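Trainee: This structure is in C-alpha cells; I'll ask about it shortly.
The values are calculated or read from the model by the stated rules, or taken from the named source; none is laboratory data. Model, not experiment: these values are computed from the prediction. Backbone-built Cβ (ideal geometry, glycine too); neighbour counts: all protein chains shown. Ligands, DNA and RNA are stripped out before the accessible areas are found, and what is left, the full protein with its side chains, is counted by its heavy atoms. Shrake-Rupley method; radii C 1.70, N 1.55, O 1.52, S 1.80 Å.
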Amino acid sequence: CPPRCLCPAAAPSPTLLCARTGLLAVPPSLDRGAVELRLADNFIGAVGRADFANMSSLVHLTLSRNGLRRLAPGAFADLRALRALHLDGNRLPALSGPQLRGLASLRHLILANNQLAAIDAAAFAAFAATVEDLDLSHNNLPALPWDAVAAMGSLATLTLDHNLLERVPAGAVARLPRLARLDLTANRLRALPPVPGPPGPALAAGGNPLHCNCELLWLRRVAQPGRLETCATPAPLAGRLLGAVPEEELTCRAPSVTAAAAHPPAVTEGQPLRLGCAAVGDPPPALHWLGPDGRVVQNGSRRSVGADGSLELRVATLRDHGGFTCVAANAAGEAAARVDVVVVPLPVPRGRDGDGEAAAAEPGPGPSDMAQAGGNDTWGGPGERRVVAVEVTGSSARIRWLPQRHVPGVRMVQIQYNSSADDALVYRLLPPSSRTFVLRDLAPGRQYELCVSTLRVVGDPPAAPRPLGCVSFATAAAPPGCAAPPRPHFLGGTVIIVIGAAIAASVLVFILILTARWKAAGARRPPPALTSVCSQTNG
C-alpha cells in the first residue's frame with residue numbers, strides 16, 4: 001500500500017484509496033494487481049506512459065479534480081480491463097488519438113469540467129464499440145467529431161451541455177440505436193435535426209438561441225413535460241417557450257436568389273473564372289451549381305465550390321462555355337438563377353516564318369482542342385493547332401505546341417493536367433525553348449485535360465501565366481485479360497534476386513562439400529598412441 005493511501009483489507013478485491021492525500025504524481029509503488037484505484041482531489045499535473053504500466057487488472061480509475069494538464073500518448077495502453085475512467089474537473093486542453101489508446105473494455109468515460117477545445121476523430125476509436133456513457137459537459141468544444149460519436153453502437157447517455165456547439169449534423173443522432181438520453185443544454189445551437197422516435201432519447205436542449213421556424217415543428221410536438229427550449233429569433237417569437245408557440249407561427253420562407261454573376265463575364269481559354277451567388281430564405285438556403293450539361297458541379301481539379309456557394313473555375317475550357325445554374329434550396333423550396341459564361345477560344349496561327357518561329361495569327365479566333373472532347377486529332381481547320389497530343393498510348397502521350405513570338409522575360413513553360421489518380425492538378429516546368437514533352441505513367445482508358453502556358457518575370461510581383469493552348473485527349477483502354485508488361489525496375493529486381501539466390505546456393509554446396517571431406521578424413525585417421533598413463537586414488 002503506497003504511503004498516505006488506504007488499502008482496506010476487507011474489500012472483496014484489491015483497492016487503493018489515495019484521494020485527498022496531497023500527491024503530486026502517481027505513486028510508483030502501486031500494487032499492479034489492483035482492481036480499483038482512486039486518485040481524486042490531488043495535485044497530479046501529468047500522467048506518464050509508465051505510471052499505470054502492467055495494471056491489466058484495473059477496472060475502475062478515478063483521476064478527478066487534480067488539475068491534470070497532460071496525458072502522455074499511451075498512458076492507459078495497458079489498462080485493457082478498465083471499464084470506468086473519471087477525468088472530470090481537470091485542465092485538459094485537447095484530446096488526441098494516442099492518448100486514450102488501449103482502452104478496449106471502457107464503458108464509462110467522464111471528461112466533464114475540463115478545458116477541452118478540440119477532440120481528434122481517432123480519440124474514441126479504441127472503445128467505440130463498448131462505451132455506454134460519454135460525458136463531455138462544461139468544456140469549450142465548438143464542434144465534435146460526430147462521425148466518431150455515431151460509430152458508438154452501445155452509447156446510451158451522451159452529455160454535451162455547457163459547450164460552444166453550433167450545429168448537430170443531420171442524422172448523427174439517428175445512427176445511435178441505443179441512445180436513451182441526450183443533453184445539449186446551454187450551447188449555441190440555432191437549429192436541431194430531428195431525433196428518432198417515438199420512443200426516442202430523452203432530449204434536453206434548453207438555453208440555446210433557437211431559431212423557431214418550421215424545422216422545429218418536430219420538437220414542438222414532442223410530448224415531454226417541463227421543456228425549457230426558448231426561441232431567440234425571429235423577433236416576434238423572441239423569448240417565448242417553444243412549447244407555447246402555436247404551430248401555425250412556426251413557418252419557413254422559400255429561398256430567392258439575390259445576386260448571381262461571373263467575374264469576369266468573359267475569359268480566354270485557359271484563364272481562371274469565378275462565379276458568385278447569393279440567396280436569402282428562412283432557414284438560410286444551401287447553394288449548389290449545375291454545369292452547362294445539367295449535372296451537379298463537384299469539387300475537382302478544375303472546379304471547386306466554396307463555403308459561401310461561389311464556384312471557382314481554375315482553368316476555363318470551351319466546355320465551360322454556356323449557362324451555369326445556381327440553385328438555392330431549403331425546407332420551404334428552392335430557387336434558381338442562370339449565369340452565362342463566355343469562354344473565348346485561343347487564336348490559332350495561320351503560318352510560320354522562315355526561322356520556324358510562329359507568325360502572328362490572322363484576325364479572328366479559331367477553335368482549339370478543348371472544343372473537341374472526343375479525341376486527340378479531331379479538328380482539321382486550315383490553320384495549325386497550338387497544342388496537340390500525339391503518340392497517345394494507354395500510359396503515355398507526347399504533347400507538342402507551336403513556338404511563340406519572342407516575348408521578353410519568359411523564364412519557363414508550364415504544363416498542367418489532371419492527375420490519373422485523384423483528379424488533382426499536376427504541374428511540369430520546362431525550359432522556355434521546349435516544344436514537346438512526353439507524359440508518362442498515365443492511366444489507361446481515362447480522359448485528360450491539359451493546358452500549356454508560359455511563365456514570365458515582368459515587374460514585381462511576376463506576371464500571371466500566359467496560356468498558349470489546351471488539349472483534351474483520352475488514353476487507350478487496356479485490352480481485357482491482358483496484363484501490363486513488367487516495368488524495367490521490376491525486371492531488374494527479379495534479376496538481382498535470381499543472382500543472389502544462385503550465389504547463396506553455391507556457397508551452401510561448397511560448405512557441405514568441405515564438411516563431408518572433413519568427416520571422411522577423420523574416419524581414416526588412426527587413434528593416437530598412449531605414451532604415459534598415470535593413476536591416482538584417494539585414500
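Trainee: Which of the residues spanning the stretch 253-269 are in contact with a Lys or Arg (Cβ under 9 Å, 6 or more places away or on another chain) and either assigned to a loop (DSSP other than H, G, I, E, B) or of a type in the set (Val, Ile, Thr) (or both)? So that I can check it myself, show each step before the final result.
Mentor: Filtering the stretch 253-269 for residues in contact with a Lys or Arg (Cβ under 9 Å, 6 or more places away or on another chain) gives 260, 262-264.
Of everything in the stretch 253-269, just one residue is in contact with a Lys or Arg (Cβ under 9 Å, 6 or more places away or on another chain) and either assigned to a loop (DSSP other than H, G, I, E, B) or of a type in the set (Val, Ile, Thr) (or both), namely Pro264.
Trainee: Taking only the stretch 181-194 into account, find how many residues are open to solvent by 60 Å² or more (accessible area, probe 1.4 Å) and in a loop (DSSP other than H, G, I, E, B). It would help to see each step written out before you state the result.
Mentor: Of the residues in the stretch 181-194, the ones open to solvent by 60 Å² or more (accessible area, probe 1.4 Å) are 181, 188, 190, 194.
Then keep just the ones that are in a loop (DSSP other than H, G, I, E, B); that gives 188, 190, 194.
Result for the stretch 181-194: 3.
Trainee: Among the residues of the stretch 307-336, write down those that are open to solvent by 30 Å² or more (accessible area, probe 1.4 Å), more than 30 Å from Leu250 (Cβ to Cβ) and either without any contact (Cβ under 8 Å) to a residue 12 or more places away in the chain or part of a strand (DSSP E or B) (or both).
Mentor: Glu312, Thr325
Trainee: Looking only at the stretch 52-85, how many residues end up being more than 22 Å from Thr21 (Cα to Cα) and among the charged types (D, E, K, R)?
Mentor: Residues meeting the conditions: 3.
Trainee: All but one of (1) under 15 Å from Gly309 (Cβ atoms); (2) in a loop (DSSP other than H, G, I, E, B); (3) of a type in the set (D, E, K, R) hold for Arg274; which doesn't?
Mentor: (2)
Trainee: Of the conditions (1) in a loop (DSSP other than H, G, I, E, B); (2) more than 15 Å from His86 (Cα to Cα), Ala148 satisfies every one except a single condition; which number is it?
Mentor: Of (1) in a loop (DSSP other than H, G, I, E, B); (2) more than 15 Å from His86 (Cα to Cα), only one is false for Ala148: (1).
Trainee: Of all residues in the stretch 201-235, count the ones that are of a type in the set (A, V, I, L, M, F, W, C) and open to solvent by less than 10 Å² (accessible area, probe 1.4 Å).
Mentor: Pass one, the stretch 201-235, residues of a type in the set (A, V, I, L, M, F, W, C): 202-205, 210, 212, 214, 216-219, 222-223, 228, 231-232, 235.
Cutting the leftovers down to open to solvent by less than 10 Å² (accessible area, probe 1.4 Å) gives us 205, 210, 212, 216, 219, 231.
Qualifying residue count for the region: 6.
Trainee: Return the residues of the stretch 240-282 that are without any contact (Cβ under 8 Å) to a residue 40 or more places away in the chain, over 21 Å from Leu346 (Cα atoms) and of a type in the set (Lys, Arg); say none if nothing qualifies.
Mentor: Arg240 - this is the single residue of the stretch 240-282 that is without any contact (Cβ under 8 Å) to a residue 40 or more places away in the chain, over 21 Å from Leu346 (Cα atoms) and of a type in the set (Lys, Arg).
Trainee: Here's a follow-up. Go through (1) in contact with an Asp or Glu (Cβ under 6 Å, 6 or more places away or on another chain); (2) crowded, with 19+ Cβ neighbours inside 10 Å; (3) modelled with pLDDT under 90 and name the single condition Val341 misses.
Mentor: Exception for Val341: condition (3).
Trainee: Based on this model, can you work out whether Leu58 counts as open to solvent by less than 30 Å² (accessible area, probe 1.4 Å), modelled with pLDDT of 90 or more and farther than 28 Å from Ala117 by Cα? I'd like the intermediate steps shown before the answer.
Mentor: Values: open to solvent by less than 30 Å² (accessible area, probe 1.4 Å): yes; modelled with pLDDT of 90 or more: yes; farther than 28 Å from Ala117 by Cα: yes.
So Leu58 fits the description; yes.
Trainee: Let me spell it out: the conditions are (1) of a type in the set (D, E, K, R); (2) more than 23 Å from Gly22 (Cβ to Cβ); (3) open to solvent by less than 40 Å² (accessible area, probe 1.4 Å), and Asp88 meets all of them except one. Which number is the exception?
Mentor: (2)
Trainee: So, one more: Ala261 - would you say it is farther than 26 Å from Cys231 by Cβ and of a type in the set (A, V, I, L, M, F, W, C)?
Mentor: Numbers: farther than 26 Å from Cys231 by Cβ: yes; of a type in the set (A, V, I, L, M, F, W, C): yes.
Here the answer is yes, as Ala261 does meet what is asked.
Trainee: Do you know which of the residues in the stretch 437-474 that are open to solvent by 60 Å² or more (accessible area, probe 1.4 Å) and part of a strand (DSSP E or B) is modelled with the lowest pLDDT?
Mentor: My answer is Arg456.
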